[in-house]
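In what follows, a single structure is set out as structure tokens and then discussed.
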Amino acid sequence: MLDVRQALALSLEAAFLTTVIAALAGVPLAYLLARISFPGKAVIAAIIDIPLAVPHTIVGIALLMVFGREGILGKPADALLGLKFWGTIAGVVVGMLFVAAPYTVNAARIGFEAVDPRLEKVARTLGMGPWGTLLYVTLPLSWRGIMTGVTLTYARSISEFGAVVILVYYPMTAPVQVYDLFLRFGLRDAAAVAVLLLIVSLALFILLRYVASGRVHTGGGR
Amino acid sequence: MTSPGLAVENLSLRLGACRLRNVTLDVGAGEILVILGPNGAGKSVTLETIAGFHRPDAGRILIRGRDVTGVPPERRNVGFLFQNFGLFPHLTVAENVAFGLRSRRAPIVSGHRSTPSSDVAELLAQFGIAHLAKRHPHALSPGEKQRVAFARALATNPDLFLFDEPFSALDAPTRERLRNELHAFLRRTRKPAIFVTHDHTDAEALADKILVMNQGEVIQCGTASDIFRTPANAFVAEFVGIENILAGQITDIPGASLGVAVAGKLLCAPANEIAECDRKDVQVCIRADEVRLYSATAPRVTSLGATNRLDGLIVATSRLGALSKVELDCGFPLHAYVMTRQVQEMKLVPRSRIEVEIAVDSIHLLPH
């Protein structure tokens, strides 16, 4: 069962890293998309949504061509930084990020769009600077949307199979492990790990929902 | 020019489809300026530029003589109220009121309250909302929201109040009550204020001065009486609801005042109107509420000053609440307002004839 535990740990860790990166990059992007109009905005929004519309095996192949050994980003990253996307957790994160980040951007964008910009203006006239306004008005009011995005991103990362299996077969994430066991030993072995993954995923999902709604409550009652 | 209030000089701005062209205005201490105009006239953009949300391409903004043109909103010291009063929905009433006080005490450590709670308590008491301190805005009536917004804005002791259609989502009785409260509040604080609206009633009730805007330009600025009785052009006349705008020609009438012919009928206009109309073709503005009707049976009130008397045929009447509109044919179409009960008392029925009186002073001429 060591393999299984390692696979599960890798899934959780990679999904966590993915979620953090998606939040750090995706939430500011979502804010820009919600508040500022600029040429090419529709194009950016469409690019963000591509992974939702394309089969993930195809995403995996595309990512392999970019981040693989001979890829346009994979090769210089290895040469300059020693960062390899094959056979490493970095590859897993790239695969997860590409398919899961849209959920952060889209949900956070809806959250930001729901905040009346005039509330931000009122905060400014009351003496609050732009960062204070973001911290004390915009973020508390869009918190639910952002946390929904974060939760969905984490869930989507844990469950990602198609893109990851093509980009990085080894080290195996839990879904890849299940697939591998199924191919090699049949349904019984695969089902046991599948149930384990299901329980862990559900527990995490419920915990995240609880944390998200708890924050909303204190935000409202502060 | 040092004004104790606000001075805006030659403000120009291009913002997407919206443009401001050379907007100049000033508001003295304790004065209420109403900016009136149709949707898209640039009223809100003007207000937001004064508050500091748009950087003008040209022009200056001075608050109490201080040039704030390049100053960010948080350092302009203005109070800003908009539709539904813009209370922060995630904060309680007390926290809303404390917001401005809190933001002046940087840095704010989350969870650490550095607000002098006595200031907040005093403001809450002053506006009679102390019992609401722990409630959230969604649980408040419009009147309570307005008072919270006043308390919150006043907490930072602003030099200027800006109102962007705060009543536009309210029903008429609530609107009237809140308008009276707002008027009393501004009279008490003696601070200059700008109130943006497209509602004539708001404008007439609140304004010391009215500024009419259209397509980013100031069309006319004056007292309520100037704007509503002597509009500068046909746009203002139509916008402020002058029901009768008729084509006429200046005609010499021997005697004191100025004559104008409308569809062959001669009307006397105030002699001072001619200064603004150097051409023969004019537009004749007559407010429908200044057209008086006399039935043959009703006792005649002796009118003061010179009047025009005409014979009219009633075409139709329509009820608009307490007032009714009477459409007349006097050789030219003319609308009049009467109290609704008078329609019955005076037997104002279609196809009956009636005597029509228009005071000379009620006639305003515009160049055609």
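Quick one: Cα convex hull volume of the protein assembly as shown, Å³ per residue?
On the way: hull volume 141.7 nm³, N = 590.
With only Cα atoms used, the protein assembly as shown gives 240 Å³ per residue.
Pop a pseudo-label 7 angstrom from the Cα along the beta-carbon direction at both A:Ser37 and A:Leu202 and give the gap in nm to one decimal.
Here the answer is 4.7 nm between the modelled labels.
Placing unit charges on C-beta atoms (Lys and Arg positive, Asp and Glu negative, everything else neutral), compute the dipole magnitude of the range A:2-219 about its Cα centre in debye, rounded to 20.
For this selection, approximately 480 debye.
With every protein chain in place, what's the accessible area of B:His335 (1.4 Å probe, Å², nearest 10)?
Its heavy atoms expose roughly 50 Å² to the probe.
Cross-link list B:Lys43/B:Lys191; B:Lys209/B:Lys325; A:Lys121/B:Lys43; B:Lys265/B:Lys325: which exceed 24 angstrom alpha carbon to alpha carbon? Intermediate values should be presented prior to the final figure.
On the way: B:Lys43/B:Lys191 20 Å; B:Lys209/B:Lys325 29 Å; A:Lys121/B:Lys43 16 Å; B:Lys265/B:Lys325 22 Å.
Pairs exceeding the cut-off: B:Lys209/B:Lys325.
Can you pull the three principal axis extents for the Cα set of the range A:86-161, in Å, largest first?
Between the extreme Cα coordinates on each principal axis of the range A:86-161 lie 53, 19, 13 Å.
To the nearest µm²/s, what D does Stokes-Einstein give for the range A:2-219 at 10 °C and 1.306 mPa s, using the Kirkwood radius over alpha carbon pairs as Rh?
Details: Rh = 18.8 Å.
The calculation lands on 85 µm²/s.
Could you report the accessible area of A:Leu167 in Å², rounded to 10, computed with a 1.4 Å probe on the protein chains as they sit in the structure?
Here the residue's solvent-accessible area equals roughly 10 Å².
Build a GNM of chain A with springs between Cα atoms under 10 Å: which of A:Lys75, A:Lys41, A:Lys84 gets the top mean-square fluctuation?
Largest GNM mean-square fluctuation: A:Lys41.
For the range A:1-57, which semi-axes, largest first and in whole Å, follow from the square roots of 5 times the eigenvalues of its Cα gyration tensor? Write out the running numbers ahead of the final one.
Values: eigenvalues 216, 47, 5 Å².
For the range A:1-57, the ellipsoid semi-axes come out as 33, 15, 5 Å.
Taking 4 °C and 1.567 mPa s as the conditions, I'd like the Stokes-Einstein D for chain B in µm²/s, using the Kirkwood hydrodynamic radius from alpha carbon pairs.
55
What is the distance in Å between the Cα centroid of the range B:177-209 and that of the range B:10-28?
Their Cα centres are 22 Å away from one another.
Between B:Leu81 and residues 5 or more places away or on another chain, which pairs have amide H atoms under 5 Å apart, with H built 1.01 Å from N, and which residues are they?
B:Leu162, B:Phe163, B:Asp164
Cut-off 10 angstrom, C-alpha nodes, Gaussian network model of chain B. Which of B:Asn22, B:Asn272, B:Asn77 fluctuates the most?
The residue that fluctuates most here is B:Asn272.
Counting only protein heavy atoms and rolling a 1.4 Å probe, how much accessible area do B and A lose on contact, total for both sides, in Å² to 100? Don't skip to the end; give the middle numbers.
Working: alone 17820 and 12470 Å², together 28020 Å².
Buried surface at the B/A interface: approximately 2300 Å².
When the accessible area of each residue in the range B:59-90 is compared between its chain alone and the complete protein assembly (1.4 Å probe; ligands, DNA and RNA ignored), which residues differ by at least 20 Å², being lower in the assembly?
For the range B:59-90, once contacts with the other chains are taken into account, B:Pro73, B:Glu74, B:Val78, B:Phe80, B:Phe82, B:Gln83, B:Phe88, B:Pro89, B:His90 lose 20 Å² or more.
Could you pull out every one of the lysines with an alpha carbon less than 22 Å from that of A:Lys84, ignoring same-chain neighbours closer than 8 positions?
Hits, sequence-local ones excluded: A:Lys75.
Between B:Arg55 and B:Glu176, what length in nm is gained on full extension when 0.36 nm per residue of separation is reduced by their alpha carbon distance?
This chain segment gains 40.1 nm when fully extended.
Rolling a 1.4 angstrom probe over the protein heavy atoms, how many square angstrom per residue are accessible across the protein assembly as shown?
47
Could you work out [θ]222 nm for chain A from helices alone, using -39500 (n - 2.57) per DSSP H run of at least four and dividing by all its residues? Round to the nearest 500 deg cm²/dmol.
That calculation yields -26000 deg cm²/dmol at 222 nm.
Excluding ligands and nucleic acids, what accessible area in Å² is computed for B:Asp329 using a 1.4 Å probe, to the nearest 10?
70
At a 1.4 Å probe, what is the % contribution of carbon and sulfur to the accessible area of the range A:2-219?
Exposed carbon and sulfur together represent 73 percent of the surface.
How many percent of the accessible area of chain B is carbon or sulfur, using a 1.4 Å probe?
Carbon and sulfur together cover 50 percent of it.
Among A:Gly127, A:Ser201, A:Leu167, which residue has its Cα furthest toward the positive end of the charge dipole of the range A:2-219, with +1 on Lys/Arg Cβ and -1 on Asp/Glu Cβ?
A:Gly127
Using the crude model of +1 on Lys and Arg Cβ and -1 on Asp and Glu Cβ, and no other charge, please compute the dipole size for the range B:133-218 relative to its Cα centre, in debye to 20.
Dipole about the Cα centre, nearest 20: 620 debye.
The values are calculated or read from the model by the stated rules, or taken from the named source; none is laboratory data. Predicted, not measured: the structure shown is a model, and the values here were computed from it. Reconstructed Cβ throughout: ideal geometry from the backbone, glycine too, with neighbour counts over all protein chains shown. All accessible areas refer to the heavy atoms of the entire protein, side chains included, with ligands and DNA or RNA removed. Shrake-Rupley method; radii C 1.70, N 1.55, O 1.52, S 1.80 Å.
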